[in-house]
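Report on the structure given below.
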């Protein structure tokens, strides 16, 4: 036998996995971190905490190589059934799908609280740098040319441009901007 799916009691995935490990059966219960806002009366903004939840509620993957392991898995109280075919034989899980779920879990693709590590103190990289000349491509100011003053947070740029003879500063997404001159021409000048 290979990896199979076990149906567990409601919200008992962690407990089932722990019991199976204690019995000597290899198992895997994919989990994710759910983001929950916690707010008290004195707080102005909510504080977010993470709670571990089952990615697939009611199911655990287990490696059952022989009949002894199958009997051991059935003896665990929180295991309701082993997913089987029409003849009662445990149905194996495709290893490619299980590997995909496992790797996504390892790289924390399902976690709502996960932030990628910062690189040299910065979280995001920007296409434009301060004093670059750019043209606004989308939105109500489309067609205006301005100068990048500074970069902000998630792919946003503070831009200074002239409208009706007056300087105006706005914050705009990088995706709405186009460089007015290629970098090669700027270096040649």
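The values are calculated or read from the model by the stated rules, or taken from the named source; none is laboratory data. Please read these numbers as outputs of a predicted model, since none were measured by experiment. Using ideal geometry, Cβ is built from the backbone for each residue, glycine included, and neighbour counts are taken over all protein chains shown.
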task: Of the conditions (1) modelled with pLDDT of 85 or more; (2) out of contact with any strand residue (DSSP E or B) (no Cβ under 9 Å at 6 or more places or on another chain), residue 183 clears all except one; give me its number.
output: (1)
Matching entry among 118, 123, 108 (being modelled with pLDDT under 80, surrounded by 11 or more Cβ atoms within 10 Å (Cβ to Cβ) and closer than 22 Å to residue 49 by Cα): 123
message: Would you confirm whether or not the stretch 22-34 contains a residue that is within 26 Å of the chain's Cα centre (by Cα), within 30 Å of residue 88 (Cβ to Cβ) and loosely packed, with under 12 Cβ neighbours inside 10 Å?
response: no
